[in-house]
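Here's the structure, in structure tokens; my notes come after.
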Amino acid sequence: MLSCDVLVVGAGPAGSSTAAKCSEEGLNTIFIDKKDRIGDPVQCAEAIGRYLIPYLPFRLPKRIFRRYIKGIEFVAGDISIIKEGPQWDGYSISRRILDKWLAERAEKKGAELIINAELVKLEIKNDCVVATIKKDGEKVYVKAKVVVGADGAKSKVVRELGFKRLNRKCGVVVGWQFDNVNLENPDYDQIYLGNFAPGAYGYVFPISDNSANIGVATILNKNKIYQYFEKFVNSKKIRTQINNAQKIEEKSGHIPFLDFCDRWVYKNILLVGDAANQNIKPFGEGILPSIICGDIAGKAIFEHLSKCTPLSIYETYVKNKLGDLFEYSKKSTEVLSKLGKYNDMKFDIIRLGIFAQIFCFEELEMLINKEIEELIGLIKNGTT
Ligand SMILES: Cc1cc2nc3c(=O)[nH]c(=O)nc-3n(C[C@H](O)[C@H](O)[C@H](O)COP(=O)(O)OP(=O)(O)OC[C@H]3O[C@@H](n4cnc5c(N)ncnc54)[C@H](O)[C@@H]3O)c2cc1C
């Protein structure tokens, strides 16, 4: 049986960030991933908001950044508005390079990475957790003082805690990298509201002048997602941009939409990143929040093991740092759940106003009672 202070399950942004911080603090740390290559396959649209960068605990290397994005164009039917500047600008990044760099960084700080290693069972005891891991067809046992569930939207750790049906609480995304695109404006991300993406949105996120991540997300009728994707890419505004394009790489996956469980700490188990639904709605931005929360988790684990501080301090630290953003995300989730079920242009216009922060959550009932022409007028004026 292997033994360590901290076992981190998952070597995505959340897990590698946690493992790095734990090792930096001198804790004996193992992090595992069921993949055989960290960063592959990419399951992401690879956009980050610049407003989140100041919250990062360390600098990201230049080579992960691919393009500066000036802002976002929001489109519903014939209505289009552009938001730019702080809060709306950001970058297109390479997830493949980022995830690999984060894992290597944790290893350099002393954490032991075991790949091809899938967590299959957790036995939670009072002073430790025993994890059963499948590695190359064999069972390996790891005894750890603390276990971190950083294993994403289908978290086995969360399921081992007794919470089931995680898929139901996720949105589903089908996205591809297209090369040889002819983008209307490669300096702006594009977000589309319409019946091709019930409850969520379609997106075109430029990677370069002639390539982009293009996809749809939905929180409803998820089994129709491939039909939604076809409908979206065949809509007029997208078709003209991808007429001569080639589909290069699929980057689809799941994003947590509703909370899987009520806390982020259960006895000696912490949840971080997507396993803790730490992405910011309405866009489902989870890359940078996962890195930020992973670092905080590492700090809380160190304080727990060295000074007996309760592990629940992790939740307080996260709330102190990102509390306002997660509060906003929670309100977005409530409003989007409510509006998503209406398959109607008027509600797409309301969602556009909310996404672009022209409308605020408190105005929802008043907005629902307005006629579509009036809503369009308000959007065009940029005010309620
Ligand atoms: C299609 C798509 C597009 C997205 N686009 C964006 C975007 O543009 N911007 C943004 O900010 N966010 C985006 N997100 C969200 C973002 O990708 C996630 O929030 C982020 O990856 C969360 O990081 P994580 O480390 O928590 O989980 P993950 O990145 O999912 O990493 C979890 C790791 O755990 C491993 N694992 C799982 N189960 C086990 C197990 N039992 N044993 C061992 N290892 C296991 C997995 O192999 C994986 O490597 C997108 C998500 C999807 C699906």
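Please state which of the following conditions residue 273 fails to meet, knowing it meets all the rest: (1) in contact with a Phe, Trp or Tyr (Cβ under 9 Å, 6 or more places away or on another chain); (2) within 15 Å of the ligand (Cβ to nearest atom); (3) open to solvent by less than 20 Å² (accessible area, probe 1.4 Å); (4) farther than 30 Å from residue 382 by Cβ.
Every condition holds for residue 273 apart from (1).
Regarding residue 217, is this residue touching an Asp or Glu at 6+ places or on another chain (Cβ under 7 Å), in contact (Cβ under 8 Å) with a residue 12 or more places away in the chain and either open to solvent by 10 Å² or more (accessible area, probe 1.4 Å) or of a type in the set (Lys, Arg) (or both)?
Details: touching an Asp or Glu at 6+ places or on another chain (Cβ under 7 Å): no; in contact (Cβ under 8 Å) with a residue 12 or more places away in the chain: yes; either open to solvent by 10 Å² or more (accessible area, probe 1.4 Å) or of a type in the set (Lys, Arg) (or both): yes.
No; evaluated as a whole, the condition is false for this residue.
Is one or more of the residues making up region 242-264 open to solvent by less than 60 Å² (accessible area, probe 1.4 Å), modelled with pLDDT of 95 or more and part of a helix (DSSP H, G or I)?
yes
Conditions tested, residue by residue: (1) more than 17 Å from the chain's Cα centre (by Cα); (2) modelled with pLDDT under 95.
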{"site": "138", "(1), (2)": "yes, no"}
{"site": "148", "(1), (2)": "yes, no"}
{"site": "154", "(1), (2)": "no, no"}
{"site": "173", "(1), (2)": "no, no"}
{"site": "176", "(1), (2)": "no, no"}
{"site": "196", "(1), (2)": "yes, yes"}
{"site": "210", "(1), (2)": "yes, no"}
{"site": "225", "(1), (2)": "yes, no"}
{"site": "228", "(1), (2)": "yes, no"}
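Whether any residue in region 318-326 is within 15 Å of residue 22 (Cβ to Cβ) and open to solvent by 40 Å² or more (accessible area, probe 1.4 Å) is what I want to check.
As a first pass, look at region 318-326 and keep what is within 15 Å of residue 22 (Cβ to Cβ): none.
No: region 318-326 contains no residue that is within 15 Å of residue 22 (Cβ to Cβ) and open to solvent by 40 Å² or more (accessible area, probe 1.4 Å).
Of everything in region 81-96 that's away from the ligand (no atom under 16 Å from the Cβ) and over 13 Å from residue 358 (Cβ atoms), which residue is least open to solvent (accessible area, probe 1.4 Å)? Full working, then the answer.
First, pick out the residues of region 81-96 that are away from the ligand (no atom under 16 Å from the Cβ): 81-86.
Those still in the list that are over 13 Å from residue 358 (Cβ atoms) too: 84-86.
Values: 84: 108, 85: 23, 86: 103 Å².
That would be 85.
Pick out the one residue from 181, 146, 158 that is assigned to a loop (DSSP other than H, G, I, E, B), crowded, with 19+ Cβ neighbours inside 10 Å and in contact (Cβ under 8 Å) with a residue 12 or more places away in the chain. Give the steps one after another, and end with the answer.
Details: 146 fails: assigned to a loop (DSSP other than H, G, I, E, B); 158 fails: assigned to a loop (DSSP other than H, G, I, E, B).
Going through 181, 146, 158 in turn, just one is assigned to a loop (DSSP other than H, G, I, E, B), crowded, with 19+ Cβ neighbours inside 10 Å and in contact (Cβ under 8 Å) with a residue 12 or more places away in the chain: 181.
Would you check which residues across region 1-57 are open to solvent by 30 Å² or more (accessible area, probe 1.4 Å), more than 8 Å from the ligand (Cβ to nearest atom) and either modelled with pLDDT under 95 or farther than 20 Å from residue 311 by Cβ (or both) and list them?
Within region 1-57, 1, 2, 36, 37, 40, 41, 50, 51, 53, 54, 55 qualify.
Among the residues that make up region 279-292, is at least one of them surrounded by 15 or more Cβ atoms within 10 Å (Cβ to Cβ), in a helix (DSSP H, G or I) and without any contact (Cβ under 8 Å) to a residue 60 or more places away in the chain?
Step one: list which residues in region 279-292 are surrounded by 15 or more Cβ atoms within 10 Å (Cβ to Cβ), which gives 279-292.
Among the residues that remain, those that are also in a helix (DSSP H, G or I) are: 287-292.
Checking which are without any contact (Cβ under 8 Å) to a residue 60 or more places away in the chain leaves us with none.
No.
Look at residue 311 and say whether it is part of a loop (DSSP other than H, G, I, E, B), touching a strand residue (DSSP E or B) at 6+ places or on another chain (Cβ under 6 Å) and surrounded by 19 or more Cβ atoms within 10 Å (Cβ to Cβ). Outline the logic, then answer.
On the way: part of a loop (DSSP other than H, G, I, E, B): yes; touching a strand residue (DSSP E or B) at 6+ places or on another chain (Cβ under 6 Å): yes; surrounded by 19 or more Cβ atoms within 10 Å (Cβ to Cβ): yes.
Judged against the criteria, residue 311 is a match.
Restricting to region 97-124, give me the number of residues that are open to solvent by 40 Å² or more (accessible area, probe 1.4 Å) and farther than 18 Å from residue 28 by Cβ.
Total satisfying the criteria: 11.
Regarding region 254-275, can at least one residue be identified that is out of contact with any strand residue (DSSP E or B) (no Cβ under 9 Å at 6 or more places or on another chain) and small (Gly, Ala, Ser)? I'd like the intermediate steps shown before the answer.
The first filter runs over region 254-275 and keeps only residues out of contact with any strand residue (DSSP E or B) (no Cβ under 9 Å at 6 or more places or on another chain), leaving 259, 262.
This time we only want the ones that are small (Gly, Ala, Ser), so: none.
No, there is no match, as no residue in region 254-275 is out of contact with any strand residue (DSSP E or B) (no Cβ under 9 Å at 6 or more places or on another chain) and small (Gly, Ala, Ser).
Given the residues 219, 296, 248, 291, which is the only one that is within 16 Å of the ligand (Cβ to nearest atom), under 18 Å from residue 95 (Cα atoms), of a type in the set (Val, Ile, Thr) and under 18 Å from the mean Cα position of the chain (by Cα)? Even if it seems obvious, please write down each step before you answer.
Values: 219 fails: under 18 Å from residue 95 (Cα atoms); 296 fails: under 18 Å from residue 95 (Cα atoms); 248 fails: under 18 Å from the mean Cα position of the chain (by Cα).
Exactly one of 219, 296, 248, 291 is within 16 Å of the ligand (Cβ to nearest atom), under 18 Å from residue 95 (Cα atoms), of a type in the set (Val, Ile, Thr) and under 18 Å from the mean Cα position of the chain (by Cα), namely 291.
Within the set of pairs 6 or more residues apart or between chains, which connect a residue that is farther than 20 Å from residue 325 by Cβ and open to solvent by less than 40 Å² (accessible area, probe 1.4 Å) inside region 348-370 to a residue that is outside any loop (DSSP other than H, G, I, E, B) and among the small types (Gly, Ala, Ser) with Cβ atoms less than 8 Å apart?
Correct list of pairs: 348/76; 349/76; 352/76; 367/353.
The values are calculated or read from the model by the stated rules, or taken from the named source; none is laboratory data. Model, not experiment: these values are computed from the prediction. All Cβ positions, even for glycine, are placed from backbone atoms using ideal geometry, and neighbour counts span all protein chains on display. Calculation scope for accessible area: heavy atoms of the full protein, side chains included, ligands and nucleic acids excluded. Shrake-Rupley method; radii C 1.70, N 1.55, O 1.52, S 1.80 Å.
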